[in-house]
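Chemist: Submitted below is the structure of interest, expressed as structure tokens.
Any read-out appearing in this document is the output of simple, stated calculations on the displayed coordinates, not a laboratory observation. All of these numbers come straight from a predicted model, not from anything done at the bench. Here Cβ is always computed from backbone atoms with ideal geometry, including for glycine, and neighbour counts include all displayed protein chains.
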Amino acid sequence: GQQLNQSPQSMFIQEGEDVSMNCTSSSIFNTWLWYKQEPGEGPVLLIALYKAGELTSNGRLTAQFGITRKDSFLNISASIPSDVGIYFCAGRKFNNNDMRFGAGTRLTVKP
Amino acid sequence: GAGVSQSPSNKVTEKGKDVELRCDPISGHTALYWYRQSLGQGLEFLIYFQGNSAPDKSGLPSDRFSAERTGGSVSTLTIQRTQQEDSAVYLCASSLVSSYNEQFFGPGTRLTVL
């Protein structure tokens, strides 16, 4: 199926550093979502974006819905060890019941 | 709290055998989804249920895959004549009414086909 291009694939950072990851697509999505998955668990929704240009924060997390509706980024500020996990972007088209997921960004935070 | 539960958590089977994976959605959630997550990949949509009916089966990879949902609650994903490429984590999610509500994921079933 249609895939979102997510980068980077992995990141190794020091505690306290900021992190940025993004997703791009060749087609337009009406909703962008960011999930975090920890080992042995299903993904958990972090942020949902519904409008082109929208910038939304959730604590230390900030995400933006690109103005072209073909991309989104997620920033994590002042990372902490519990931020470790795999972060997935997902896009949903209007009137579609399924979501398309990126391949994930594996984040490692060194204390 | 009663989140989405899946069973078994791990399943090892031999090539050619059939397997059944179970999903118990959050009580009251009418929409249910199955996804497949292969190693190092994102989630691949398989099928969506609204109540007991599946209006969208477009993601099922082959006719060896089928799913059903009874009583608007429990769902079973069946893979017949399993192949090694079926090895993956199978995730189930449910949402209140439709895909426009947040999807809550279960912990997944890790399937290994030897």
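Chemist: Starting from the Cα of A:K51, draw a straight line to each of the aspartates and glutamates and keep only those under 19 Å, dropping any in the same chain fewer than 8 residues away.
Modeler: Leaving aside aspartates and glutamates fewer than 8 places away in the same chain, those within reach of A:K51 are A:D71, A:D98, B:E102.
Chemist: Follow-up question, since we're still on this one. Distance in nm between label sites at A:Q3 and B:E68, each 7 Å beyond Cα in the beta-carbon direction?
Modeler: Result for the modelled spin labels: 3.4 nm.
Chemist: Compute the longest continuous run of chain A that contains no exposed chymotrypsin sites (Phe, Trp or Tyr not before Pro); treat a site as exposed when its DSSP state is not H, G, I, E or B and it has at most 14 other Cβ atoms within 10 Å. Let's see the in-between values first.
Modeler: Working: sites that count: A:Y50, A:F94.
Answer from the scan: A:1-49.
Chemist: Considering every pair of different Cα atoms, what Kirkwood radius, in Å, is found for chain B? Can you show the working numbers first?
Modeler: Working: mean 1/r = 0.0719 Å⁻¹.
Taking the inverse mean of 1/r over all distinct Cα pairs, chain B comes out at 13.9 Å.
Chemist: At 7 Å along Cα-to-Cβ for each site, give me the label-to-label distance between A:V84 and A:Y50 in nm.
Modeler: 3.6
Chemist: Modelling each spin label as a point 7 Å along the Cα-to-Cβ direction, I'd like the A:Q14/A:R60 distance in nm, to one decimal.
Modeler: Distance between label points: 1.5 nm.
Chemist: Before anything else, pin down the relative contact order of chain B: Cα pairs under 8 Å, at least 6 apart, normalised by residue count, whole percent. Write out the running numbers ahead of the final one.
Modeler: Numbers: 292 pairs, mean separation 42.0, N = 114.
Over chain B, the number comes to 37 percent.
Chemist: For A:R106, project a label point 7 Å along Cα to C-beta. Then give me every residue of region A:1-41 with its amide nitrogen under 12 Å of that point.
Modeler: Zone members listed by number: A:9-12, A:39.
Chemist: Which number do you get for Rg(Cα) / (2.2 N^0.38 Å) in the protein assembly as shown?
Modeler: Numbers: Rg = 17.5 Å, N = 225, 2.2 N^0.38 = 17.2 Å.
Relative to the rule-of-thumb radius for its length, the protein assembly as shown sits at 1.01.
Chemist: Loop only per DSSP, at most 15 neighbouring Cβ atoms within 10 Å: give me the trypsin sites (Lys or Arg not before Pro) in region A:1-92, ordered by residue number. Walk me through the numbers on the way to the answer.
Modeler: On the way: sites: A:K36, A:K51, A:R60, A:R69, A:K70, A:R92; in loops: A:K51, A:R60, A:R69, A:K70.
Taking region A:1-92 and a limit of 15 other Cβ atoms within 10 Å, the loop trypsin sites (Lys or Arg not before Pro) found are A:K51, A:R60.
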